[in-house]
Structures are given as C-alpha cells and as structure tokens.
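Following: one structure in structure tokens, then a few remarks.
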Amino acid sequence: MSAATPLPQERRLVTAIPGPKSQELQARKLGAVAAGVGTTLPVYVSRANGGVLEDVDGNSLIDFGSGIAVTNVGNSAEAVVAKASEQLAAFTHTCFMVTPYEGYVAVAEQLNELTPGDHDKRTALFNSGAEAVENAVKIARAYTKRTAVVVFDHGYHGRTNLTMGMTAKNMPYKQGFGPFAPEVHRVPVAYPYRWLTGAENCAAEAAAQAIDLINKQIGAENVAAIVIEPIQGEGGFIEPAKGFLPAIVEYAKANGIVFVADEIQTGFCRTGQWFACDDEGIVPDLITTAKGIAGGLPLAAVTGRAEIMDAAHAGGLGGTYGGNPVACAAALGSIETMKELDLNGKAQRIGEVMLGRLRAIQEKYADSDRVRVGEVRGRGAMIAVELVKPGGKEPHPEATAAIAKACHAEGLVVLTAGTYGNVLRFLPPLVMPEHLLNEGLDIIEGAFATV
Ligand code: PLZ
C-alpha cells in the first residue's frame, strides 16, 4: 500500500471488533508468540495510511495511537515508501562500520541541523529508543569520567537492563526482571496536577528537592548524566511545570553534568515543534530520538555537542544494524514530509481541536458520580486526560480501561498510560484529517457516557 493509492479516510465497521479473522489470528498468536508480548487491541492490520488502520476483516479504524508516536507522517507516507523502496532495491545492508553509505551521513546532518542549539554537533545512529538511551549514558560517562545517572519519578526509558533500571514504573516493565544496573538514581519531577502544595509551587519546589537529593545523596561531582523526557510519555503525558526544566539544565551546566533530553516520544513535530525542548528554549547537551524519525522503520539516534559525542573512542559505539540504509532512506523521506506538509502546524491544529473538545467533556462530567476528568493536558498532537474518582484526585484506572475498551469497540484506537494507569493518551498521526479527528473525539465523548 503506497500513498499513490491511499485508503479511504473513513471509519468503517463491518464486523464486531475484533472480527472473526482477527480472532483466528489472535488464537494463533497465543500458541506461537511469547506471553510476555502483549497486545492492546488484537485487531490484525492489513493496510494503513493517513488517519486509518484497515484490518483483516475489512474494518477501517481511526488511529489515535500512531503505533505509539511513530507514524507521525502517517503510515506508508509517499516519500517514505519511495525512498525506502529505492534503497531496498539498491542494497539492504553493508554495516556502516564496515563499508559506509551516504544515507547515514545525510540523516546525521539533518539531525544536527534540526535539534535544538546551533553549536557544533555529531550524531550516532542505532535501532531502538532504548539503545539510544543506553548509548547516551555510555557517551556521557566517557566524557565526564563519572558514573552516576539521574532520572525522574514517572520516567520511561526502555526495556533493556539499563533502561529498565532508569524506568520508574515496576509493573509491567521491571517486575521479576532484576537485578538492575547500579548507579541509577531517581529524583522528583514537577508534576503540577499532583504536587501536594499546589501547581503554582511545583516547579521551584520540585527542582529544589531534586537538586538537594543529588547534592546530598549522590554528590554532583559523581553524576555523569541527568536524563529526562521533556514531556513524560508512558508516565502519563506529564508536562513538567514551566521553569523546572530550565532549573535542572542550569544545575547540570554549573556542575559539569551532561543534560540528556529523551525526545523519543516527543520528537519530530509531535508537540507542534520539532522537539519538545524548543518550547522553553532548552538546549540539551545530548538528545535521544527514535519513533517518529523514520515513519515506521526502526531507527534511533543520539545527537549532541561534538566534544561530548566525540569523547567515546573510535570503535566504542556502533552495532551491526545501527543506521540501516533502508531505515535511513525512510528517515530522509519522513523528515522531508514533515517540512513539506508543515507537520508542526498540523500538530498545533490537532492540539487546538482536541484540547477544546476534551475540556468540554471535562465540564460535562464535572459532577459525575462515576468518573471525572481531573486534568486535560499536553501539547500539539500529544494530548491526554487524567481520570479520577469523584470527590478528589484518586486515580481511576478501572474507568480508564473501560473507556479505552469502549473506544476500541467503536473502531477508535486509543492508548492508556500513567504510573497509576489512569491516563487516556492520544497520539494521532499528524496527517489525521480533521473530520476523523472529530469523529474520534465523538467516540471518546460517547464512551464516557457508557461508563
Ligand atoms: N524513551 C521516552 O517513550 C518507548 C514503549 C512501549 P524503544 N515508548 C514506548 C513499550 O511498552 O515497550 C520509549 C519512550 C521514551 C525510550 C523509549 C524506548 O524506545 O524504541 O521502545 O526501545
């Protein structure tokens, strides 16, 4: 399926969700695939494009997930298909560490240009987000000759051993999978909705607590890197209170600590800017990217200050597939599409529509005795609602799961998130047509009524 013959941009249900063919495939999956690999919505996809996923039963679903913030440019976007296909036919792999090719260099040049800051930069490419985070830590340690890594409450960084240790939430990510790598330390993040002394005190108090913990329990001189997502993704789309990130950046700078922004979920126009760091003018020393970079092909990167990136000795970084030529070609097509279609502008428009409609739902259920919208938050096409029980802020994961399930039954792919499992998160492809965006929001509104 290429964009040359795009799918009809419509929701179309011809069976129950999941349909009989999907159910058959799910039975095969249970007999063949390890139980640890879950599926949110066992609808088996046959084609996808624009704002829709078509399944093996002929249903067409509205996609508010983008494969977890990956298909920002839409599935099988025209330039991605064209460039990746051409590369597939030319050669599939040589290993950049053996005999290199231009695509890798061209992606590095694009990332050096697009990421925050106009200092001299270098990039290294990898396969997955977790691998990028691991390598950012390796590079920061090589540069600083220190070992400690500071991460934050509610943070998510991956499923490898080091990144599991860096991830806050135990179930399902860490339970039973330890021991974890040493020298990882967690400190508070400025979570305005749940800050005990109120959102207005959150940034300053959280920064002071985090810095005090680092100074007293680790020692600034032992810290190689501070790693943070500028909007926490799996943690529940927590946007740190304004002022928190600049305070942490300033502290890192004053203490020779490498500040690493994990923009794996927030990057590539997702928040209505190239990177979420752009919002407060944050210039990270290193930035990790993946997901949206290549329109669905596996690619990840660490980009940052040349003197830090070059601290790792020659041969110290790499991997067989890192910067695979087909993935690099896809990335070049993806970045071209972001520029040509002004996907930052499109993400901003999605944010406007979503925030308006979700705030109306919040109002509508303000006095509900079953479930309330505690907060509507996010930027651009990275929007979430945090659901709570009536009368306070107690998380309501059961209602969250029920609403997600009701949306799925109506042919809308939505995801949940959050340390307490009580956040519905919306990550539509940035090319989502507005009529489908509104139809999806109608379904969400209807799902609230059924809980
Ligand atoms: N850093 C900020 O969001 C991946 C995880 C899905 P990989 N998030 C989706 C799941 O349950 O496994 C992510 C992220 C941030 C790192 C990662 C890790 O990226 O490409 O999944 O390794």
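The values are calculated or read from the model by the stated rules, or taken from the named source; none is laboratory data. Everything numeric here is computed off the predicted structure, so don't read it as measured data. Note: ideal-geometry Cβ built from the backbone for every residue, glycine included; neighbour counts use all protein chains shown. Accessible surface areas use protein heavy atoms only, side chains included; no ligands, DNA or RNA. Shrake-Rupley method; radii C 1.70, N 1.55, O 1.52, S 1.80 Å.
Structural descriptor for segment 80-340: relative contact order 32 percent, calculated from alpha carbon pairs under 8 angstrom and at least 6 residues apart. For segment 211-306, what is the percent of antiparallel DSSP beta bridges, rounded to the nearest 5? Rounded to the nearest five, the antiparallel share is 40 percent. Highest mean packing comes first when the peptides 393-400, 260-267 are listed by Cβ atoms within 10 Å, giving 260-267, 393-400. What you get for segment 1-114, charging only the Cβ of Lys and Arg (+1) and of Asp and Glu (-1), is a dipole of about 460 debye around the Cα centre. Spread over its residues, the convex hull of the C-alpha atoms of segment 205-251 is 84 Å³ per residue.
Multiplying the residue separation of ASP369 and TYR173 by 0.36 nm and subtracting their alpha-carbon distance yields 67.3 nm. Seen from CYS407, the other residues with C-beta closer than 13 Å to its C-beta sum to a net charge of -2, counting Lys and Arg as +1 and Asp and Glu as -1. Among the trypsin sites (Lys or Arg not before Pro) within segment 171-220, those in coil by DSSP and having at most 16 neighbouring Cβ atoms inside 10 Å are LYS174.
When the alpha-carbon atoms of the chain are used, the pair Rg, Dmax equals 21.6, 65 angstrom.
About its Cα centre, the dipole of the chain is roughly 960 debye, where the only charges are +1 on Lys and Arg Cβ and -1 on Asp and Glu Cβ.
Annotation: amide H-H contacts under 5 Å for VAL187 (H modelled 1.01 Å from N, sequence separation of 5 or more, or interchain): VAL151, PHE152, ASP153.
Phi angles across segment 303-313 convert, under the Karplus curve 6.51 cos²θ - 1.76 cosθ + 1.60 with θ = phi - 60°, into 3J(HN,Hα) values of 10, x, 3, 4, 5, 7, 4, 7, 6, 6, 5 Hz, Gly and Pro given as x. Please report the carbon-and-sulfur percent of the accessible area for segment 80-340; probe 1.4 Å, protein heavy atoms only, DNA, RNA and ligands left out. That fraction is 53 percent.
Listed cross-link partners LYS83/LYS291; LYS242/LYS291; LYS121/LYS253; LYS83/LYS138 are compared with a 22 Å cut-off, the Cα-Cα value being larger for LYS242/LYS291; LYS83/LYS138. Computed from the alpha carbon atoms alone, the convex hull of segment 80-340 holds 127 Å³ per residue.
The residues of the chain have, on average, 40 Å² of accessible surface per residue, using a 1.4 Å probe with all protein chains present. Think of each Lys and Arg Cβ as +1 and each Asp and Glu Cβ as -1; about the Cα centre, that makes the dipole of segment 80-340 roughly 720 debye. Partners of LYS405 within straight-line reach, counting lysines whose Cα lies under 23 Å from its Cα and excluding those fewer than 8 residues away in the same chain: LYS21, LYS29, LYS169, LYS364, LYS389, LYS393. Spin-label model, ALA34 to GLU340: label points 7 Å out along the Cα-to-beta-carbon direction sit 4.0 nm apart.
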